[in-house]
Protein chains: 2
Amino acid sequence: MESYSITERTRVSRIPKRGVYDKAQVHAILDEGFLCHVGFVIERQPYVIPTGYVRADEKLYIHGSAASRMLRTLDLGVEICVTVTLVDGFVLARSVFHHSMNYRSVVMLGTAHLVSDREEKLDALRRFTNHIVAGRWEEARRPTDQELKATSVLALPLQEVSAKVRTGPPLDEEDDYALPIWAGVVPLRLRSAQPVPDERMLAEAGVFDTGRLSL
Amino acid sequence: MESYSITERTRVSRIPKRGVYDKAQVHAILDEGFLCHVGFVIERQPYVIPTGYVRADEKLYIHGSAASRMLRTLDLGVEICVTVTLVDGFVLARSVFHHSMNYRSVVMLGTAHLVSDREEKLDALRRFTNHIVAGRWEEARRPTDQELKATSVLALPLQEVSAKVRTGPPLDEEDDYALPIWAGVVPLRLRSAQPVPDERMLAEAGVFDTGRLSL
C-alpha cells in the first residue's frame, strides 16, 4: 500500500482519523470526480476557480483557454492548491451540534506547468474527454492545430497530497439516543437527467446513452 | 435590479457575457447550493477547503469547529475567496474543442470575521441547519452553551462578488453541424437516495421525508 508522504502542510490535524494518504484511495476519489477548485494567489489575494480535470498516473491535468488569466498565472510557477470534493450524504444527528456531511475530499499542493509536448497534450485532452463520456474522443471531431494552440493544459504532479473522508452514521451524545428524532444518513448522488439533443442535431446521430457517463 | 459593483478583481474577463453581477441572481445561486470552497493563504501557500455555508441577506456564514486551523486563520482578518459552484450539465459538441459544462458559480472576495454576538451566532446556525433540511432546527436538540462555544461561525460580507453562468446548447463551428455526431446537453442533478436510518434510532421517530431537503 503506497502512500503520499505526510508534510506539515498536508497533515489532517482536525479529526486525524479522517486523514487518508493511501495513493489508491486518493486516486479513486480523483477518478470519480470531474470538477476541481483551483486556488492561487495574485497580489496577496487568493482566488478559487472551478474547472474540469483528469488524473493520469501521478499527474493531475486541468485545462482551459490559452487566454485564461488563471492558466497564464499558474504557468508562472506559483504555488497552487487544487481541491476535489465529493459529497456523499447529509448526516442528520439527534442534536444540531452533531449534524455533519459524509464526503471525500482531496487537497493537492504544488506548482503546475503548461504541457508543451504535443503528444502529452493530446493524450491529456483525450483522457479529459473520455473521463466525462467514455469513447467521446473517438467519435467527436478531434482538435485542429489551431484549436490545440488555443487550448492550454496544465499538469500538477501529485506529490503533496492528502484526502479527508467521513463515512457512516451520526455520532450523538449518549443521552440523546433516547430522543425520538429521525437520525441517519441521506445519501446524495449526482445523476444525469434526460439528455437534451441540440436542435440542429442530425437524426442519424441517434440517442445518447447515459451509461457512458462516469457518474 | 440591484447589482454588485464590478471591480478589477471580480470582472469576468474571459467570455464577459457569462458574467453576472445582479444581486438577485447571485443570491439565487447561493441559496441553491450548500457547499463552498474557501481559499486562504498561509505563508504564500494557498489552501482551498470545502465547507458548508448559508447566506443571510448580504452575508455569507460558514461554520466549523472552534479548533479548526482554517477558522482561526480566517479570523485574523486575512483576505479570502469563497467560491460556490453548481454544475448543471455536460455540454457535448460535435467537436472535442467545443465541449463544455453548463454551470453557475459565484466568487466572493473579502475578509471574514468570527461572529461573537450570541444571538447572531444562533440565528446563523439556525439558518445553516434549516438550509439543509427545512424545520430541522425546530425538531433536533438545540446546542448547549458548551456546544455553542465549540462552534465557530464566520461571516463574510457580500461586497466584492461576481457570478459566472453558462447555459444552453453547444456552439459548434458551422461546418461541424453536418457531422452525424450526438450533440446536446446532459443535465446533471444532485439527488437524494433512500435515507438510511441510524441503527439506534427509535421507531417512533418515523420516516424521513426527502421533500424537506433543499435540493
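Assorted remarks:
- Dividing the alpha-carbon radius of gyration of segment B:118-199 by the rule-of-thumb value 2.2 N^0.38 Å gives 1.93.
- Other protein chain Cβ atoms within 10 Å, averaged over every residue that makes up B:133-142: 5
- Here segment B:125-195 and segment A:49-112 have alpha carbon centers that stand 16 Å from each other.
- Helix B:118-132 vs. chain B, principal-axis angle (Cα, 0 to 90°, nearest 10): 50
- Contact order normalised by residue count of segment A:18-92, Cα under 8 Å, 6+ apart, percent: 31
- Other protein chain Cβ atoms within 10 Å, averaged over every residue that makes up B:81-88: 4
- Take the Cα of A:Ala56, go 7 Å toward its beta carbon, and none of the backbone nitrogen atoms of segment A:8-38 fall under 15 Å from that spot.
- Spatial separation of Cα centroids for segment A:1-19 and segment B:7-27, in angstrom: 37
- Rounded to 10°, Cα long-axis angle of helix A:23-32 versus longest principal axis of chain A: 70
- Here is the tail figure for chain B: Cα pairs spaced more than 29 Å apart come to 39 percent of all pairs.
- Taking chymotrypsin sites (Phe, Trp or Tyr not before Pro) across segment A:18-115, none is in a DSSP loop with at most 16 further Cβ atoms lying within 10 angstrom of its Cβ.
- Shown here: the protein assembly as shown, whose C-alpha atoms stretch 67, 57, 47 Å along the first, second and third principal axes, sorted largest to smallest.
- Among the residues of A:199-207, the average count of other protein chain beta-carbon atoms within 10 Å of the residue beta-carbon is 5.
- With the label put 7 angstrom out from Cα along the Cα-to-Cβ vector, A:Ile15 ends up 3.5 nm from the copy partners, going from closest to farthest.
- Excluding same-chain neighbours fewer than eight residues apart, the aspartates and glutamates reachable from B:Lys23 by a Cα-Cα span under 17 Å are B:Glu2, B:Asp31, B:Glu32, B:Asp57, B:Glu58, B:Glu160.
- Here's the list of lysines a cross-link from A:Lys149 could span, going by alpha-carbon distance under 27 Å and ignoring same-chain residues fewer than 8 apart: A:Lys59, A:Lys121, B:Lys17, B:Lys164.
- Other copies of A:Ser214: label-to-label distances in nm, shortest first, labels 7 Å along the beta-carbon direction: 3.2
Computed from the coordinates by the stated procedures, all read-outs in this text should not be read as laboratory data. Remember, predicted model here, so these are calculated numbers, not experimental data. Cβ atoms come from the backbone with ideal geometry, glycine included; neighbour counts cover every protein chain shown.
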